[in-house]
Amino acid sequence: MQTTPKTAEVHSDYRAGYRVVDACAIALFVVLALWSFFRLIAAVDSGLWVVLAALSGWLVADLLSGLVHWAFDTWGSVHTPLLGKRFIRPFREHHWDPAAMTRHDFVETSGSSCLAALPVLSATALMPLTSTAGVCAQAVLLFTALGVLLTNQCHRWAHTPAGRIPRFVRAAQRLRLILPPEEHLKHHVRPFDSHYCTASGWLNAPLQSIGFYRRLERCIGVLVRAQARRDDLAYAP
């Protein structure tokens, strides 16, 4: 595919500095997650709470994946200060080269997710677990952070040919435990304005049915006097 000036402007190399930050974020994520998990196991008195917290966290992670995906697809540009090149660029680039993320390694795929989850894990590592409510809150937050870690990987698997992913992953996709490729393909139809959730995709249909994103866009558009997706179509083929 021939690169247009717009797409060339969006696409930039994954910088060494970004990789260092992502690697450090992953390492810190592992430390905080393990410590938080050990604290949870020591405090919980029933495995049922852990299961319920895991399901709740996975659902919250799906919602967060949709909100973040929608926000970076809809507002700003690659020139937006602080966020443009680091966060908005990969989302805009993904529309004209969906397979690009299948060529990324774990650090590039999941580093940003780990970085975003660090404040949550800091809370789960430090918050008191002296009450049932505290334990439940810590458990849901912990599994939400773990779900955020998996989100980009599930998204990556949804774009990877079936023969190149492990069998257990394909089985999980068929069971709709994680994002199925056919569900995510609904997003990759111009103008790329639906089916944003990329963890499990469970919330895509309910959010679409109530017009959630369009309502949110109208509210934000009125408040900040900005047009949704002003740049997005210019960057897509």
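The values are calculated or read from the model by the stated rules, or taken from the named source; none is laboratory data. Just so it is clear, the model here is predicted, and its values are computed rather than measured. Please note: Cβ atoms are built from the backbone with ideal geometry, for glycine as well, and neighbour counts cover all protein chains shown. With ligands, DNA and RNA removed, areas are computed over all heavy atoms of the protein, side chains included. Shrake-Rupley method; radii C 1.70, N 1.55, O 1.52, S 1.80 Å.
Structure values in brief
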quantity	calculated
Scope the range 189-207; condition farther than 20 Å from Ala54 by Cα and either at pLDDT 95 or above or open to solvent by less than 40 Å² (accessible area, probe 1.4 Å) (or both); matching residues	Phe192, Asp193, Ser194, His195, Tyr196, Ala205, Pro206, Leu207
Residue tally, condition free of Cβ contacts under 8 Å to residues at least 24 places away in the same chain and open to solvent by less than 70 Å² (accessible area, probe 1.4 Å), over the range 162-180	9
The range 42-59, subset of a type in the set (Gly, Ala, Ser) and within 9 Å of Thr144 (Cα to Cα), residue farthest from the chain's Cα centre (by Cα)	Ala53
Whichever residue in the range 15-41 is among the aromatic types (Phe, Trp, Tyr) and either farther than 30 Å from Glu108 by Cβ or open to solvent by less than 50 Å² (accessible area, probe 1.4 Å) (or both) and, among such residues, is farthest from the chain's Cα centre (by Cα)	Tyr18
The range 208-230 - residue that is assigned to a loop (DSSP other than H, G, I, E, B) and either on the phi > 0 side of the Ramachandran plot or modelled with pLDDT under 90 (or both) and, of those, surrounded by the most Cβ atoms within 10 Å (Cβ to Cβ)	Ala228
Single unsatisfied condition, Leu121 versus (1) touching a residue at least 40 places away in the same chain (Cβ under 8 Å); (2) within 15 Å of the chain's Cα centre (by Cα); (3) surrounded by 20 or more Cβ atoms within 10 Å (Cβ to Cβ)	(2)
Every residue from the range 72-115 that is more than 24 Å from Leu28 (Cα to Cα) and surrounded by fewer than 18 Cβ atoms within 10 Å (Cβ to Cβ)	Ser77, His79, Thr80, Pro81, Gly84, Trp96, Asp97, Pro98, Ala99, Ala100, Thr102, Arg103
In the range 138-151, residue farthest from Ala99 (Cα to Cα) [restricted to those that are open to solvent by less than 40 Å² (accessible area, probe 1.4 Å) and of a type outside the set (Ser, Thr, Tyr)]	Gln138
